[in-house]
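Input: a single structure, listed below in structure tokens.
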Amino acid sequence: GAGVSQTPSNKVTEKGKYVELRCDPISGHTALYWYRQSLGQGPEFLIYFQGTGAADDSGLPNDRFFAVRPEGSVSTLKIQRTERGDSAVYLCASSLFPGGNTGELFFGEGSRLTVL
Amino acid sequence: SQQGEEDPQALSIQEGENATMNCSYKTSINNLQWYRQNSGRGLVHLILIRSNEREKHSGRLRVTLDTSKKSSSLLITASRAADTASYFCAIDIIQGAQKLVFGQGTRLTINP
């Protein structure tokens with residue numbers, strides 16, 4: 001597709017369950033980012049991939065959160081043993097790797113996660 | 001915190017007026033970017049200004065950057081109802097491993 005695609009757009013789950021959120025970046029974009037946004041707040045950085053490898057995962061809040069990008073394209077954010085505090089919109093973005101500074105990010109519409 | 005801090009948190013003006021939003025930060029940057037977000041979903045890139053630039057224009061948008069004061073401003077001229085959205089500044093930190101750090105945003109409401 002022409003833009004960044006995220007599925008599902010909405011996910012309601014129960015406390016303690018496992019969830020997966022998928023991101024399909026713009027074709028050819030080597031850099032992929034996951035952010036989390038709570039109501040009324042700005043996006044909070046979670047993890048950044050350059051190709052298949054996680055170049056920076058310093059924003060993952062704890063070991064319940066994990067993300068993969070096995071073929072350097074689609075990425076999956078995985079959350080184990082979900083907690084009510086995990087409720088947020090999870091945003092994915094991709095960009096062309098500029099070889100230096102961070103350029104423009106192209107965002108998907110986000111996956112709204114609600115943990116009951 | 002290294003993140004940008006927007007000011008004001010909320011702004012309400014009449015259609016046709018100019019809207020100014022400010023962003024301050026605490027560290028050295030490669031560039032500063034402004035994004036727009038409608039209805040809490042995806043963000044859309046508006047403009048990028050590099051650390052060696054002082055001012056940049058794009059249509060009705062004007063962005064300034066003062067690295068000595070570690071601040072930036074976004075001016076939207078001749079506002080329209082469709083400009084109603086949240087606006088975020090994001091900084092690309094030097095040696096920050098290619099990631100953007102976002103501020104809390106300014107919620108702009110344009111009244112018809």
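Filtered by the rule that a residue be among the aliphatic types (A, V, I, L, M) and modelled with pLDDT of 95 or more, the range A:94-116 gives A:113, A:115, A:116. Each residue in the range A:74-116 was checked for being open to solvent by 30 Å² or more (accessible area, probe 1.4 Å), outside any strand (DSSP E or B) and within 14 Å of another protein chain (Cβ to nearest Cβ), and 8 pass.
Looking at the structure I just gave you, is residue B:109 open to solvent by 20 Å² or more (accessible area, probe 1.4 Å) and touching a residue at least 24 places away in the same chain (Cβ under 8 Å)? Yes.
Filtered by the rule that a residue be among the acidic types (Asp, Glu) and modelled with pLDDT under 95, the range B:55-112 gives a lone residue, B:92.
Can we say residue A:57 is surrounded by 14 or more Cβ atoms within 10 Å (Cβ to Cβ) and free of Cβ contacts under 8 Å to residues at least 12 places away in the same chain? So residue A:57 passes the test. Within the range A:30-50, restricting attention to residues that are open to solvent by 20 Å² or more (accessible area, probe 1.4 Å) and not hydroxyl-bearing (Ser, Thr, Tyr), the residue that is farthest from the chain's Cα centre (by Cα) is A:40.
Restricting attention to the range A:73-93, the residues being over 11 Å from residue A:35 (Cα atoms) and among the small types (Gly, Ala, Ser) number 4.
On the basis of being in contact with a Gly (Cβ under 6 Å, 6 or more places away or on another chain) and more than 26 Å from residue B:37 (Cα to Cα), does residue A:82 make the cut? It is false that residue A:82 is in contact with a Gly (Cβ under 6 Å, 6 or more places away or on another chain) and more than 26 Å from residue B:37 (Cα to Cα).
Of the strands (runs of 3 or more DSSP E) that lie entirely inside the range B:13-94, those containing 2 or more residues that are among the hydrophobic types (A, V, I, L, M, F, W, C) and crowded, with 19+ Cβ neighbours inside 10 Å span B:19-24, B:29-37, B:43-50, B:61-66, B:71-76, B:85-93.
When you check residue A:71 against the structure, is it free of Cβ contacts under 8 Å to residues at least 24 places away in the same chain, surrounded by fewer than 14 Cβ atoms within 10 Å (Cβ to Cβ) and acidic (Asp, Glu), yes or no? It is true that residue A:71 is free of Cβ contacts under 8 Å to residues at least 24 places away in the same chain, surrounded by fewer than 14 Cβ atoms within 10 Å (Cβ to Cβ) and acidic (Asp, Glu). Looking only at the range A:58-92, residues that are modelled with pLDDT of 95 or more and under 22 Å from residue B:48 (Cβ atoms) come to 2 in all.
The values are calculated or read from the model by the stated rules, or taken from the named source; none is laboratory data. Keep in mind the model is a prediction, meaning the values are calculated, not measured. We place every Cβ from the backbone using ideal geometry, glycine too, and count neighbours over all the protein chains shown. The protein model used for the area step is the full one, side chains on, heavy atoms only, and it has no ligands, DNA or RNA in it. Shrake-Rupley method; radii C 1.70, N 1.55, O 1.52, S 1.80 Å.
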